[in-house]
Amino acid sequence: MPKDKITILYVDDEENNLFSFKAVFRIKYQVLTALSGDEALEILATNQVHIIISDQRMPEMTGVEFLEKVLEEFPDPIRILLTGYADMGAVVDAVNKGKIFHYLTKPWNEEELDLTINRAYAKYLEKAQLKDLNEKLEGSNDQLEFLLRQRLLS
């Protein structure tokens, strides 16, 4: 896979949804899929993922619970919650606990989902640039501190 493709991890306990998502988006994006939150966490441990799309209703852990775990170990990917149920409690939990970027309902609209993915990736790049600038600033501050100490000691 080319390095310049956006990498998406789609998590859903329904295999047909995984196949449909991959069939629609595999040419434009690098698509990784998982049938459970635990499987998805294993994928995240070995792959750089830019965007995570998770179904809310899954048997072993909900999408919100999964996104909470992701946030602890892998804070960089942008998170999107997808559900077929108009469950306002899940949306509130996802925003408050899972720190999601966007919430979409099933069945997803291809155009809307594609637009959301592109907006999420722009946010990912913005966060990465900010992180890089902060690291550079921290390095410059360390150098200035060192120079100031040197000057005070001489």
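The values are calculated or read from the model by the stated rules, or taken from the named source; none is laboratory data. All values derive from a computational prediction rather than experimental measurement. Here the Cβ positions follow ideal geometry from the backbone for every residue, glycine too, while neighbour counts run over all protein chains shown.
Results for (1) of a type in the set (F, W, Y); (2) within 26 Å of I6 (Cα to Cα); (3) modelled with pLDDT of 80 or more; (4) loosely packed, with under 10 Cβ neighbours inside 10 Å, shown as yes or no for each residue.
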site: V70; (1), (2), (3), (4): no, yes, yes, no
site: I80; (1), (2), (3), (4): no, yes, yes, no
site: K97; (1), (2), (3), (4): no, yes, no, no
site: E110; (1), (2), (3), (4): no, yes, yes, no
site: L147; (1), (2), (3), (4): no, no, yes, no
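Scan region 7-33 and report the pairs whose first residue is loosely packed, with under 15 Cβ neighbours inside 10 Å and whose second residue is part of a helix (DSSP H, G or I), with Cβ atoms within less than 8 Å and a gap of 6+ or a chain change.
K28/D114
Here's the yes/no breakdown for (1) β-branched (V, I, T); (2) over 12 Å from the mean Cα position of the chain (by Cα); (3) under 23 Å from I51 (Cβ atoms):
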residue	(1), (2), (3)
A90	no, yes, yes
K99	no, no, yes
H102	no, no, yes
Y124	no, no, yes
Q129	no, yes, yes
L133	no, yes, yes
K136	no, yes, no
L152	no, yes, no
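Tell me, which residue of region 34-68 that is under 17 Å from F101 (Cβ atoms) and charged (D, E, K, R) is surrounded by the most Cβ atoms within 10 Å (Cβ to Cβ)? Break it down stepwise before answering.
Of all residues in region 34-68, those under 17 Å from F101 (Cβ atoms) come to 40, 44, 49-56, 63-64, 66-68.
After this cut, where a residue has to be charged (D, E, K, R) as well, the list is 55, 68.
Numbers: D55: 21, E68: 19.
Looking at residues that are under 17 Å from F101 (Cβ atoms) and charged (D, E, K, R), I get D55.
In region 1-43, which residue that is aromatic (F, W, Y) and not in a helix (DSSP H, G or I) is nearest to E72 (Cα to Cα)?
Pass one, region 1-43, residues aromatic (F, W, Y): 10, 19, 21, 25, 29.
Then drop every residue that is not not in a helix (DSSP H, G or I), which leaves 10, 29.
Values: Y10: 19, Y29: 25 Å.
So the residue we want is Y10.
F101 - would you say it is modelled with pLDDT under 95, closer than 21 Å to K131 by Cα and crowded, with 16+ Cβ neighbours inside 10 Å? I'd like the intermediate steps shown before the answer.
Numbers: modelled with pLDDT under 95: yes; closer than 21 Å to K131 by Cα: yes; crowded, with 16+ Cβ neighbours inside 10 Å: yes.
When the stated conditions are applied, F101 passes them.
Output the residues belonging to region 15-63 that are at pLDDT 95 or above, β-branched (V, I, T) and more than 21 Å from A120 (Cα to Cα).
Passing the criteria: only T46.
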